[in-house]
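For reference, the structure discussed in these notes is given below.
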Amino acid sequence: MSKLIKQDDATLVTLAKNGNVSAFEKLIKRYEDSIFSLAYRILQDKEEAYDVLQETALSAFKNLKKFKGKSAFSTWIYKIALNYALMHKRKQKSLEKKMTVISTDDDQKIYDTVDTDKFAEIQTLEDNPLKTLEEQELINILNDSLNKLPEKYRTVFILKELEGKSIEEIAKILNLSPAAIKTRLHRGRIFLKGLMEKYLNLSI
Amino acid sequence: MIIRCKDILNLLSDFFDDELDSKEEEFLFDHLYQCHRCLQIYNSYKQMLDLFHSLKPIKLEEDMRRSFHKWLHIEIKQIVIKKKYKKL
């Protein structure tokens, strides 16, 4: 086993800054799953999430000298990844808009994210409709609901509830105060609860 | 401390972020056991968060991981070589 594995991020950063390619690769290996996961949660597309991972790694390598160590390396690289993921997301949305404009009525159905009639039907069958759904259907409902959140709430919600970041860490990634993050998180949750109310079991 | 129904969403957000002290938590649950409507809100709020927390962690597939490592190695080697030649 290489000695580098046991070294902390700061040491690997120093080595990488001095031209040690292997140290940089080890750093990236530590965060590749987190970067891919964050990008995938935002984009819901494997290929695009992979593109974000490549762009993030390359950008981190090219800009490593600019990293002064004021924040953790993980925060710095997460910030880069988030920026690329959000750029892809905006492109996705503008493409969806263009395609919606040129689509026929039938095509339009493809872009309707949640088939509410279908779920309204399921809801009459069981007290808790979500329990009767296949895993993939449940994932689709959660992702569709998440997609309807305004970007500033969605990003904070994904970082906190899906990626498990602390409020302090999210504040550093987004350059905002912890109080602002709490507000966005709170509003995002209320928004999502409202969107998902019809799928949630209200019986006690 | 008196809990008002209109404050319940703020309190729940703080509760799920572990921001309430034990006394505040006690007041919150006292209220929930007396107020059916707020208890329903608590239940659906918790269920919504539980559902998102139940999503499996996402990891790179192994073939993707391998091709990423290979790609990254080539890319950064190229950058390093280009830099070297610029200096000469």
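Bear in mind that the values in this text are calculations on the coordinates, not laboratory data. If you're wondering where the values come from, they're calculated on a predicted model, not measured in any experiment. In this analysis, Cβ positions are derived from the backbone assuming ideal geometry, glycine residues included, and neighbour counts consider all displayed protein chains.
Simple point charges give the picture: +1 on the Cβ of Lys and Arg, -1 on the Cβ of Asp and Glu, and for chain B a dipole about the Cα centre of about 1500 debye. Exposure proxy ranking for A:T11, A:T75, based on other Cβ atoms within 10 angstrom of each Cβ and starting from the fewest, stands as A:T11, A:T75.
For the stretch A:44-76, which trypsin sites (Lys or Arg not before Pro) are both in a DSSP coil and crowded by at most 15 other Cβ atoms within 10 Å? Filter output for the stretch A:44-76: A:K68, A:K70.
Straight Cα distances below 18 angstrom link B:K83 to the lysines A:K17, A:K62, A:K65, A:K66, with same-chain residues fewer than 8 positions distant left out. The sum of -39500 (n - 2.57) across all DSSP H runs of n ≥ 4, divided by the residue count of chain B, sets its helix-only mean residue ellipticity at 222 nm to -25000 deg cm²/dmol. Look at the dipole of the stretch B:1-85 built from charges on Cβ: of B:Y45, B:L11, B:F29, the Cα furthest out on the positive end belongs to B:Y45. The residues B:H69, B:H36, when put in order of fewest to most other Cβ atoms within 10 Å, stand as B:H36, B:H69. Using only the alpha-carbon atoms, how far is helix B:62-87 inclined from the longest principal axis of chain B? Give it as 0 to 90 degrees, nearest 10. With rounding to tens, the tilt is 50 degrees. Neighbour counting of Cβ atoms within 10 Å sorts the residues A:V13, A:V156, fewest neighbours leading, into A:V13, A:V156. Hand me the trypsin sites (Lys or Arg not before Pro) from chain B located in a DSSP loop with no more than 12 other Cβ atoms within 10 Å, in residue order please. Hits after loop and neighbour filter: B:R4.
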